[in-house]
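Take a look at the structure set out below.
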Amino acid sequence: MIGFTNFFVDTDIRTDPLPMFMLASSLLVTGILIIPSAYFSFLSNTNKLPKNHNSINNLWKKSRIVFLWIIISFPIIIILGYWISQNTNIAWLLLPPLHITAIIIPVIGVLFLTIRNLPLGSHQRNWGVFSTGLILGPLIILILESLAALIILILVILVITTNPEMVDKIIKLSEWLLNSNPSPELVFNELGPYLTKPVPVFIALLFGALLVPLIEEAIKPIGVWLLYGKKLSPTDGFIAGAISGAGYAIFESLILTSNSQEWTLLVLARISTGAIHILTTSLVGWAIVQVWSNRRITRLIITYSSAILIHGLWNALSLTSSFTFLTAELGISSSTPLINRIGIVAPFALLVLAFGSLLTIMQINKKLIISAPNINTF
């Protein structure tokens, strides 16, 4: 509704409706994706759920060729999406479905490599795990991260109030923002130098590379946590963790890329995050079931710490790359030369980390298949 109102307002105050249509379509698809979970839960509660669950493995077999064609078509989707994003007259109508397709395909591709040839269990469990990772996980994470950000903000404000000079600068900046109604470019040029100072950089790294991974790696496998009391093998935990992580990756990428600016770069950048989320969540899910079945709490601690390290390294590299880009755009010398040097090589390091995560996923999948030789591979 907000997007459509832009077509009926005066041209002088009209804004780009595309971001609203992108967000609306992303939330619509999210709602559609939880329907299967509700359907299979209904069948379960009415005692109509099929007892033979081999059909889910057969579904993977039948869909493999179709999915390979979808992967082949992915570059075409990106090229077409780039062209449409440059044509604002039709972008609001055509880009949202391409956006959804471009986000979901890589995540499902990584998930396929993670759990293929493994015993997938029931439709109800898998869709339930996926839905909790898609909806409940992001909701809880948003609340916890907002609380963490609020605490950090309060601490920053308390520190600033002890510095009269800084308080005076903030007051003048606030008055300028309120009275002059500056353009986003002017705001960027004015605030940029402050954001590249050592203290803001440290706070951003503390929050993004430590607190965020601590919270997310504990909550992302929520689909596994909710299976407590079920008879699960470590492989079941690995599969459930991967599916829960895929749900979270889809929701996060859909929301964070719901912007018409630099659409192609944003979508391509999010491809690798699916591998990171699925890898870390599947490992933590595997370790959770190890605690339930074998009381191996040490294994969970080590695995959880490793997931935090992988996720934290990914976020730290992304942030340093952003700081380096920011200083280059502003044409200023960095106050943190080390961060600037790391930021220069960060994009290449991110590619290595993503590729390494994908190889790790495939290697774990092979080991799990060997440990369950009765599985009919395809």
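Of all residues in the stretch 116-169, which are charged (D, E, K, R), farther than 30 Å from Ser44 by Cα and modelled with pLDDT of 90 or more?
Just the residues of the stretch 116-169 that are charged (D, E, K, R), to begin with: 116, 125, 145, 165, 168-169.
Filter once more, keeping what is farther than 30 Å from Ser44 by Cα: 145, 165, 168-169.
Glu145, the sole residue that qualifies.
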Hey, Leu113 hits all of (1) at pLDDT below 90; (2) more than 19 Å from the chain's Cα centre (by Cα) but one; which does it fall short on?
(2)
Among residues of the stretch 48-106, those that are at pLDDT 85 or above, of a type in the set (A, V, I, L, M, F, W, C) and farther than 22 Å from Ala275 by Cα, counted
9
Out of (1) among the small types (Gly, Ala, Ser); (2) in a helix (DSSP H, G or I); (3) without any contact (Cβ under 8 Å) to a residue 12 or more places away in the chain, the one Gly241 does not meet is (3)
For the stretch 276-288: of the residues being among the β-branched types (Val, Ile, Thr) and in contact with a Phe, Trp or Tyr (Cβ under 8 Å, 6 or more places away or on another chain), which is surrounded by the most Cβ atoms within 10 Å (Cβ to Cβ)?
Thr281
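For (1) more than 17 Å from Glu217 (Cβ to Cβ); (2) assigned to a helix (DSSP H, G or I); (3) in contact with a Lys or Arg (Cβ under 9 Å, 6 or more places away or on another chain); (4) at pLDDT 95 or above, each residue gets a yes or a no:
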| site | (1), (2), (3), (4) |
| --- | --- |
| Ser260 | yes, no, no, no |
| Ala287 | no, yes, yes, yes |
| Ala316 | no, yes, no, yes |
| Gly343 | yes, yes, no, no |
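Counting just the residues of the stretch 162-204 that are outside any helix (DSSP H, G or I) and touching a residue at least 24 places away in the same chain (Cβ under 8 Å), which one comes out surrounded by the most Cβ atoms within 10 Å (Cβ to Cβ)?
Initially, the stretch 162-204 is screened for residues outside any helix (DSSP H, G or I), giving 162-163, 181-183, 196-197.
Checking the rest, the ones that are also touching a residue at least 24 places away in the same chain (Cβ under 8 Å) come to 196-197.
Values: Thr196: 21, Lys197: 13.
Step by step, filter the stretch 162-204, then rank; the result is Thr196.
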Among helices (runs of 4 or more DSSP H) entirely within the stretch 86-160, at least 2 residues that are surrounded by fewer than 19 Cβ atoms within 10 Å (Cβ to Cβ) occur in 88-115, 137-160
Of all residues in the stretch 323-341, which are modelled with pLDDT of 80 or more and loosely packed, with under 15 Cβ neighbours inside 10 Å?
Phe325, Ala328, Pro337, Leu338, Arg341
Which one of these is outside any loop (DSSP other than H, G, I, E, B), at pLDDT 95 or above and over 19 Å from Ile203 (Cα atoms): Ile369, Ile310?
Ile310
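The values are calculated or read from the model by the stated rules, or taken from the named source; none is laboratory data. Bear in mind that the values here come from a model prediction, so they are computed numbers and not experimental data. Using ideal geometry, Cβ is built from the backbone for each residue, glycine included, and neighbour counts are taken over all protein chains shown.
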